[in-house]
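Have a look at the structure below before the remarks.
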2 protein chains.
Amino acid sequence: MAKKTTIYDIAKELNITVSTVSRALNNISTISESTREAVLEMAKKLNYRPNKVASSLTSGKTYIIGVLLPSAQIQFFASVIHSLEKYLKSFGYSTLLYQTNESLESEKDGISTLLEAQVDGIIASLSLETEEDISHFEKVKEEGKPLIIFDRTHDNLDAPVVKINDEQAGYLATKHLLDKGYRKIAYITTKHRIKIFRERYEGYQKALREAGISPNPSYAILGELTVEGGYTGTNNLLRLKDRPDAIIGGDDYVALGIIKALHEQHITPPSIGVIGFANQNFSEHIIPSLSTIDQQAIQMGKECAKLFLKIIERKHLEEKTMEPVILSPILLPRESTNRKS
Amino acid sequence: MAKKTTIYDIAKELNITVSTVSRALNNISTISESTREAVLEMAKKLNYRPNKVASSLTSGKTYIIGVLLPSAQIQFFASVIHSLEKYLKSFGYSTLLYQTNESLESEKDGISTLLEAQVDGIIASLSLETEEDISHFEKVKEEGKPLIIFDRTHDNLDAPVVKINDEQAGYLATKHLLDKGYRKIAYITTKHRIKIFRERYEGYQKALREAGISPNPSYAILGELTVEGGYTGTNNLLRLKDRPDAIIGGDDYVALGIIKALHEQHITPPSIGVIGFANQNFSEHIIPSLSTIDQQAIQMGKECAKLFLKIIERKHLEEKTMEPVILSPILLPRESTNRKS
DNA sequence: GTGAAAGCGCTAACAA
DNA sequence: TTGTTAGCGCTTTCAC
């Protein structure tokens, strides 16, 4: 391949200097229309392609933003990635992805990697392992770069946040079951001490209390957020003397496991009600269709991107704490809870 | 924040030169153990973080690879992203993501963006819109950068390929149905002229011919690869005088739509057999569980990464055309086709 | 084993 | 409106 053409090549051809070329290419005001056109034409002719790495070195901006999250395998995060990349791209930003795979150590490596790549900011969601130690996130701010935390947030982390109202999510799911006439409502969720799951659980309890029902401790199952988790948990619940008449799954996969276990006992929702969280794209189409709480992944990605752009813009103004962006969860009632009450 | 520390700061503190510091940091042979340690220690003390942008400018390597694909919303691609990023990371590469959203124009922009970012290579899967015009991919090679195409490949594109044997995939699905005693096998797929879908269809026809069955043209439905597509297609099939006794869905979502339409007619597989492609993670858990052909997304991502690393290594050796990597599809027989034959 | 110095491709003062 | 000239932070010859 021929050597790559640079702005020097363009300058030489046109008998002007590189600064003029640079100005023309970046469409900077103080340039005559004629030279601008000449430069652009020559650039095309010489097959010029700007080297962003070089321009980053001088300008200090890479127009790359780092996205750090547990795993693209989890559909919620895949949707956020989709939305983030799509939106940021339209503002000239590229997306550098780093998955933590739920490991704290990997999360730390990720922050280092992204920072070394000189990203203009980081949008992150915490790993399940992340508890006390959040020093790696502090470093992002120490370097003066915007840090946005979404969905899996953290109490001690002073950074702008985008999430849904998780307590309301738990409340909505429970209230819906209550409205449908269910009374003995169980809840299968994760054993990890992640804030959003605690909050949903609190919403669950709140709804029960409002209905004058005191939460039954044996109805709370802590396990894994997987089909297996839902399956095992349900089997445990079915062994109770006082069986629940409805089960909330920590996410839609858990709900799938619940339905599976029920099916083996020849029980089909909504005779026992089942509801999940996340609105995975299969939920609407399985039989019976699964009631769920939509977590607004697409919207969340977009809000993260908007927030980032906003922070970047006012960078040199006041660095005051941003208001958290709290999205509202959406109840999607479907067959799996549609009991005639 | 304080100004970022550079190798100059380290050099000054230690009364040595930046070249020595650079050598120490990069662990280059010709350096004494003692200075190496001193540098590393000082680096830590000063909170030094290497600037990869700067090193990229001189070395010409960014250790970033560009991943260009239709959408992270499509679970197959999300899995490939997951796998790619995970594997590449372990070899020191970061992943820059660009989604085409099935648009040719966006695909072209994507190539430009990635090239401007000076990625060390591009791993791509074509958009549905991409047909004749593949000039943008040629540019990658013109710049002397490795280009790998996976899954959605293209006949006229001379680049190393990673895919599954799609004809075999179609064949396997059809053969499985035949083995289960189904004879009137319909096929709902996409109307887009994408190679892999054509090949699967050819596998379908091959299996039928081998069984002495001549494909019935009214059993081939061309529509969209969505739940809707499966639903609509199935309703059309059910209106035929001579109804099929089994339906192949172009992917698992299509299969979901097929099952939905059947359910509305009070038909439950396997009384009419249903099989999909992709092994989406819900397929195993819906009721009835869905037979499908696994497309090895995880393996595919890993093979792409391996191929990339291999090419990068031998870069300056012979640039001979690489053998395509063809993975074998895996039949996963489940309840939706489990008819007693 | 270490230092000196050029330069990667571009931007951005400062001059003119 | 355009040119001159330093760098940005690092790597890499070529000396010593």
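Stick to Cα atoms and the Kirkwood definition of Rh, then tell me Rg/Rh for the protein assembly as shown. For the protein assembly as shown, the value is 1.01.
Association of chains A and B removes close to 5000 square angstrom of accessible area from solvent, both sides included, for a probe radius of 1.4 Å. Applying a threshold of 27 Å to the alpha-carbon distances of A:K89/A:K191; A:K4/B:K310; A:K12/A:K89; A:K163/B:K302; A:K141/B:K139 flags A:K89/A:K191; A:K12/A:K89; A:K163/B:K302; A:K141/B:K139 as lying beyond it. Placing one equal scatterer on every Cα of region B:7-50 and applying the Debye formula, the log10 ratio I(q)/I(0) at q = 0.13, 0.25, 0.30 Å⁻¹ is -0.20, -0.78, -1.14. Per-residue shielding of B:50-59, expressed as the average number of other chain Cβ atoms within 10 Å of the residue Cβ, stands at 5.
In degrees, nearest 10, range 0 to 90: what is the angle between the Cα axis of helix B:252-264 and the longest Cα principal axis of chain B? Approximately 30 degrees, to the nearest 10.
Look at the dipole of region B:7-50 built from charges on Cβ: of B:P50, B:I16, B:S29, the Cα furthest out on the positive end belongs to B:P50.
Ordered from largest to smallest accessible area (heavy atoms of protein chains, 1.4 Å probe), the residues B:L88, B:L104 come out as B:L104, B:L88.
Shortest first, A:E132 label-point distances to identical copies amount to 6.7 nm, with the label point at 7 Å from Cα along Cα→Cβ. Computed with a 1.4 Å probe over protein heavy atoms only, the accessible area of B:D158 comes to about 90 Å². In this Cβ point-charge picture (+1 for Lys and Arg, -1 for Asp and Glu), the protein assembly as shown has a dipole of about 440 debye about its Cα centre. Of the listed residues B:Y98, B:Y171, the order by accessible area with a 1.4 Å probe, largest first, is B:Y171, B:Y98. Ascending distances from the A:M322 label point to its copies in the other chains, with the point 7 Å along the Cα-to-beta-carbon line: 3.9 nm.
So what is the relative contact order for region B:7-50, in percent, with contacts set as C-alpha pairs under 8 Å and at least six apart?
36 percent.
Residues whose amide H lies under 5 Å from that of B:E129, counting only those 5 or more places away or on a different chain, are B:L104; hydrogens are built 1.01 Å from N in the peptide plane.
Taking all protein chains as they are arranged and a probe of 1.4 Å, the heavy atoms of B:R193 leave approximately 150 Å² accessible to solvent. Note on chain B: with charges restricted to the Cβ of Lys and Arg (+1) and Asp and Glu (-1), its dipole about the Cα centre is near 740 debye. Each other copy holds its own label point for B:R209; taking that point as 7 Å from Cα along Cα to Cβ, the gaps run 7.1 nm, nearest first.
Summary value for chain B: 16 percent relative contact order, contacts being C-alpha pairs under 8 angstrom separated by 6+ residues. Taking all protein chains into account, the per residue accessible area for the protein assembly as shown stands at 44 Å² (1.4 Å probe). The accessible area of B:D151, taken with all protein chains in place and a 1.4 Å probe, comes to roughly 10 Å².
Shielding value for A:92-98 is 6, the average number of Cβ atoms from other chains within 10 Å of each residue's Cβ.
Per residue of A:74-81, other chain Cβ atoms within 10 Å of the residue Cβ number 4 on average.
The values are calculated or read from the model by the stated rules, or taken from the named source; none is laboratory data. Everything numeric in this text was worked out from a predicted model, so none of it was measured. Positions of Cβ are backbone-derived with ideal geometry, glycine not excepted, and every protein chain shown enters the neighbour counts. With ligands, DNA and RNA removed, areas are computed over all heavy atoms of the protein, side chains included. Shrake-Rupley method; radii C 1.70, N 1.55, O 1.52, S 1.80 Å.
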